[in-house]
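Here's the structure we're looking at; comments come further down.
What follows draws every value from the coordinates through simple rules; no lab data is involved. It should be emphasised that the depicted structure is a prediction, and the values quoted were computed from it without experimental measurement. When we count neighbours, we look across all protein chains shown, and the Cβ atoms used for this are built from the backbone with ideal geometry, even at glycine.
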Amino acid sequence: MVKKMFLMFVLAGSVVLGAPSNNQKSLGDAKKQLLGNFASGSILSGSNKAGNVARWYLFNEGHLGYSYSSIGDLNLHSADIGYSVYITAIKSASGLRPYIGTEITAPIYLKFTGNSNAFLDGVVNNLPGGSKVMQDIGFNGWGVQVPVIVGVQARYFYIQGMVGYAYHSLKEPYFVSDVQNDTSLEHTYHGLTYGIGAGVKVSNVFSVGLRYVMGQMTSSSRTPGASINANAVRPKDFKEDYQRISLIFGVVF
C-alpha cells in the first residue's frame, strides 16, 4: 500500500514539474513558426480576469505600391508609400491567427485621365477641352488613407477588412492653347472609406497583397487657375463615388 502511494506521488510530481517546461516549449515553437528566420518586433503579454496569459506579437511594416482610383468621372494613377503597425496572436486557433492594427497609405498622384467633377453643366469654362483633364505624367497631388484593419492569417495567406478615412489634395492640369501656359484647378476630397485586403506573406517578413477600397468623397475647397472661368466651377461636391484598387509590396522591420 505504501509502495503504491509513493508511486502516485512521484507521478503527480513529474506532471506538475513538467508542465511549465512543456508550456515554454509550446510557446517557443509557436514563436519560431510565426517569426521565421528574419522577422523583428516585440512580444506583448496580457492576462484576463481568470489569470490566463495571452501573448501577442507587434509588427511594423513598410510598403510600396501602385493604385488606380476613380472619384466620380476622374481617374487617378498613383505611386504609394505606406506604413502599417499591427499585433497578431502567437498561438493560433484552428490554424488561424487574428490581428488588428492600422495601415497608413500616402498616394502620390502622377497621372489623371477622364473628366473633372468640378465644372457646372451648361456653363462655359473657357478651356478648349472642356472638363477633360490633361494626361501628362507629373506631380498632380497627394493623399492619405488611414483605416483600422482587422484580419486573420492562415500560414502564408491573409485576409482583412478595413474601415477608415481618406483625404486627397489634387491639382488637375488643363491645356489652354499652343501660345499660353497650361493651367490647373486645385481642390480637395475627403470622406469615410471601407474595403477588403488579401495577400501572402513569406517568412512573415515579405508580403504582396491587393487592396480594394470604396466610399463617397466630399470636395469642400476648389481654386481655379488662370484662364478658367470661376463661374463655371462648382464650389462644393457631395457624395462622389470613390473606388480604389492597389497592389502593394511590404517588408517587416
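Can you pull the one-decimal nm distance between simple spin-label points at Leu110 and Tyr83, each 7 Å off the Cα toward Cβ?
2.3
For Lys239 paired with Ser221, estimate the spin-label separation in nm (one decimal), with each label point 7 Å from Cα along the Cα-to-Cβ line.
Inter-label distance under the simple model: 2.5 nm.
Mean 1/r over all different Cα pairs, inverted: what Kirkwood radius does the range 56-175 give, in Å?
Evaluated on the range 56-175, it is 16.7 Å.
In nm, to one decimal, how far is the Tyr167 label point from the Asn60 one, both placed 7 Å along Cα→Cβ?
2.3
Show me 193-201, 94-102 ranked by packing, highest mean number of other Cβ atoms within 10 Å first.
Answer by packing, highest mean first, reads 193-201, 94-102.
I need the chymotrypsin sites (Phe, Trp or Tyr not before Pro) found in the range 100-150, filtered to DSSP loop residues with at most 11 other beta carbons within 10 Å of theirs.
Answer by residue number: Phe139.
What is the distance in Å between the Cα centroid of the range 140-186 and that of the range 70-113?
Computed from Cα coordinates, the inter-centre distance equals 11 Å.
Determine the sum of side-chain charges near Val213: Lys and Arg each +1, Asp and Glu each -1, restricted to other residues whose C-beta is under 15 angstrom from that of Val213. Before the final figure, lay out the partial values.
On the way: positive: Arg211, Arg244; negative: Asp80, Glu103, Glu240, Asp241.
Its environment carries a net charge of -2.
Among residues other than Asp182 whose Cβ falls under 12 Å from its Cβ, what is the net charge (Lys/Arg +1, Asp/Glu -1)?
Net of charged neighbours comes to -2.
List residues of the range 205-226, by number, whose backbone nitrogen lies under 20 Å from a label position 7 Å along Cα→C-beta of Ser177.
Label zone hits: 225-226.
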